[in-house]
Every structure is written in structure tokens, then in C-alpha cells.
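Quick notes on the structure that follows.
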Amino acid sequence: MKSSITQGVKLLATGSAVPDLCISNELISNIVDTSDEWIFNRTGIKERRVLSGSTSLIDIAALASTNALNKAGISALDIDLIILATSTPNDLFGSASQLQAKIGASKALAFDITAACSGFVIAMVTAAQFIQNASYSNVLVVGADVLSNWTNWSDRRTCILFGDGAGAAILQSCSISNNNLLGFHLNTNGRKFDQLNIQYEYSNTDGNFFSPGLKGNFNYITMNGKEVYKFAVSKVPQSIQYCLDSLNLSVEHIDWLLLHQANERILNAVSSRLMIPSEKVISNLAKYGNTSAASIPLALNEAIEDSRIQSGDLLVMSGFGAGLTWGTLVFRWNP
Ligand code: UT7
């Protein structure tokens, strides 16, 4: 997709936050028929963080955001736009406005993007459009999810996978010659929406439109794991290759491959299909599991903080999941 670009985009800083409560594989194996060995061998996950008590999605999203703002050295009042990628809002009308209020970004427009595990990549691309057409200068992009709210803790096929977390990135306009968001490729296949979803189920079938109370409820997360796995390992490499080709780059140019943290075997399969060495693959699955829209910015922030990612490095990030939706973003870390 082509757009008219009058400004460049640079990634200024990142931040992240996870809840304190840590749930190990051993603990889950006390609840459902599973084992640390099965979970680790099949997914690479050892433990995950889960929200508890009165802490909310907004609290961890705000922590990640202020973490990024502090590193960027800008005030919340400098933010023009907040995009919150989440599929687990605490308000169906959107949670971004609560985040705006919580961090005091009173001049910013704020809205949600719902695209599950592709949410952060899509939010970054959306933010880039507003910057590149010179509408906004400073954009806060947050990926935050609390999938534990929608996890069926008696379903061993899904409850072992998910965790909660938040990650943030601050994008800023710059001259076109300094543009660091090089290219993207986004896709959806809605025919397979039912392979991974949190479906709304109607319970009020008495035909009385005006009857009081809830008309239904959202269900738990359901997933056809095998199908989603096959989708990820076939579509994600294609998406990355498409992006690289469109930029006249090859896999050798990639310094870091940052995939949505769904399963270590998916990370391995995608990187080996593209012949990207495992040393270039960022993984923090063992500590956090699959944190949906938070997984990419959480891993990105950790790799920047521990200096694995160096100034000038070329990163390829790909999200994939419910929708089914998938997408790739190629950018250079040059703060
Ligand atoms: O974030 C969005 C994107 N999500 C993904 O990308 C997830 C993609 N899918 C996956 O990562 C994998 O499919 C899973 C990790 C979810 C499952 O791994 P799998 O290797 O595809 O296992 P499976 O579903 O084929 O199950 C294999 C066996 C089954 O037993 P039988 O039928 O062979 O006797 C399952 O019942 O493993 C059994 N099983 C378990 N056993 C112990 C399934 N879950 C568990 C469990 N513990 N937690």
C-alpha cells in the first residue's frame, strides 16, 4: 500500500511492565492435567505473569508508557496521539482514554486498536501514517493485554499459553532522510476467524428485544492450536520475505527477528525457513508466555534495555494471530 509521505518516523524509546504475580508451569500442572515438561517442550514457556487484585490493564499500560516517556525525555503533555492495541479492554467503548487520563496526556487523541496478537504491529503502522502525513509529531503506541481474564483455567490446551503484560513505544516525526520505519505488510483472512477467538454468545432468546439485563456474554478463549500453528509458520515467512523484497533487502541484512511470542517452535520454524540464525531471534517466551499485543513491545524493550539491540540495527517484527491477521514491520533502531 502506498501513501504520501512528507515526514519520517523514528522510534525514540520503549518501555514495558508486567504484573508481579508469577504462575509457573508446576503450579498450572496442579490445576489441569499437564506437566512442566510438556509445556516447555511444546511451547518454550516456563512461567507467565498474571494480573491480580485491583491492578488493571490501565495500570500496567500506564507503567509501560511512563517508562518509555522517561527514557524519551519527553512529557506526557507532548504526546499528540495514543494508540492502545488491546483485545482485553476494561471498557468495550475503548480503554485508551483511561490511559490518556492516567498518564496525564491531556492534549492527546486516544483510541484503541483491536487486533489481538497483531495489534502492536498494526498500531505502529497506524501511528506511522499519522506521523508520515504530518498530522502528528509524537505518538505513544502501547500493546497491552490481560488474556488471563478470558482464559479457561480448566482447558489445558489454552491455559498454559497466555500471560498478561504491557509494552510501549514512542514514535516521533523526523526528516524523511532519517526515516527509520522502512516498510510494512499487513494481512487478514477473516474466513478463519473461528480458529482463535473470544466469541460473544447470545443467551437472551426469548424474542423480547427490550427485556432487561445482559443479552449474552463473551466466552473464553478458544483456539484450534494446530491450525493456528500451521497458519503462522506458512504466512509469517511469506510476509517477511515480501517486505524485504519490496525494500530491496535480503535476510542477511536483518540484525534481529522479533516475532510475536506465541511458541518457541514457531520462532524456530519461521527463522529456519528464512535461514535466519537463531542468535538473531529474540525470545522471552520462557518468562512471560504469550502476552498477545504486549509480546512484541515487551521483548523489544528488554532487548534494547540489555543492549542486545544496538543503534543502527535492522529489526523485523511480525505479529500474527486472531482474525486471522498477520503483519510485518521493518525498522531501524536509531534513537
Ligand atoms: O497468539 C496467537 C497465535 N497462537 C499460536 O500461534 C498458537 C499456535 N499453536 C501452538 O502453539 C500449538 O498448537 C499448541 C502449543 C497450542 C499445542 O501444541 P501441539 O503440539 O499442536 O499439540 P496438540 O494440540 O496437537 O496436542 C498434542 C497432544 C494431544 O494429545 P493426543 O490427542 O495426541 O493424545 C493433546 O490432548 O497433547 C495433548 N495436550 C496436552 N498434554 C499435556 C494438549 N495440551 C496439553 C497440555 N498438557 N497442556
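Brief remarks on what is shown
- Approximating the spin labels as points 7 Å out from Cα along Cα→Cβ, the GLN241-to-TYR220 distance works out to 3.8 nm.
- With the highest mean first, a sort of the peptides 118-125, 237-244 on other beta-carbon atoms found within 10 angstrom per residue produces 118-125, 237-244.
- Net +/- balance of residues flanking THR66 in space, Cβ distance below 12 Å, scoring K and R +1, D and E -1: +1
- Length gained when the stretch LEU27-ASP255 is fully extended (0.36 nm per residue, less Cα-Cα span): 78.4 nm
- Residue order, fewest to most beta carbons within 10 Å, for THR43, THR188, THR86: THR188, THR43, THR86
- The alpha-carbon of LYS215 sits under 26 angstrom from the alpha-carbons of these lysines, leaving out residues fewer than 8 places away in its chain: LYS192.
- Taking ASP164, ASP145, ASP194 in turn, the Gaussian network model of the chain (Cα-Cα springs below 10 Å) assigns the largest fluctuation to ASP194.
- One decimal place: the segment PHE93-GLN310 gains 74.2 nm when fully extended, by the rule 0.36 nm per residue minus the C-alpha distance.
- Label-to-label distance, ARG265 versus SER75, with points set 7 angstrom from Cα along the beta-carbon direction: 5.2 nm.
- For ASP306, ASP245, the sequence from fewest to most other C-beta atoms within 10 Å is ASP306, ASP245.
- Cβ-Cβ distance of ARG157 and ASN178, R₀ of 56 Å, FRET efficiency by 1/(1 + (r/R0)^6): the value works out to about 0.75.
- ARG156, ARG48 arranged by Cβ crowding within 10 Å, fewest neighbours leading: ARG156, ARG48
- Since only CYS22, LEU92, GLN172 are under comparison, the one whose Cα sits farthest along the positive direction of the charge dipole of the range 8-178, derived from C-beta charges on Lys, Arg, Asp and Glu, is GLN172.
- Within the range 132-146: backbone nitrogen closer than 20 Å to the ILE5 label point (7 Å, Cα to C-beta): 132-141
- Residue-span extension gain [ALA286 to SER272] - 0.36 nm each, minus C-alpha spacing: 3.1 nm
- What the Cβ-Cβ distance of SER54 and ALA101 gives, at R0 = 22 Å and to the nearest 0.05, is a FRET efficiency of 0.80.
- Over 26 Å between alpha carbons, listed pairs LYS46/LYS230; LYS226/LYS287; LYS71/LYS287; LYS46/LYS102; LYS10/LYS71: LYS46/LYS102
Any read-out appearing in this document is the output of simple, stated calculations on the displayed coordinates, not a laboratory observation. It should be emphasised that the depicted structure is a prediction, and the values quoted were computed from it without experimental measurement. Virtual Cβ from ideal backbone geometry, glycine too; neighbours counted across all protein chains shown.
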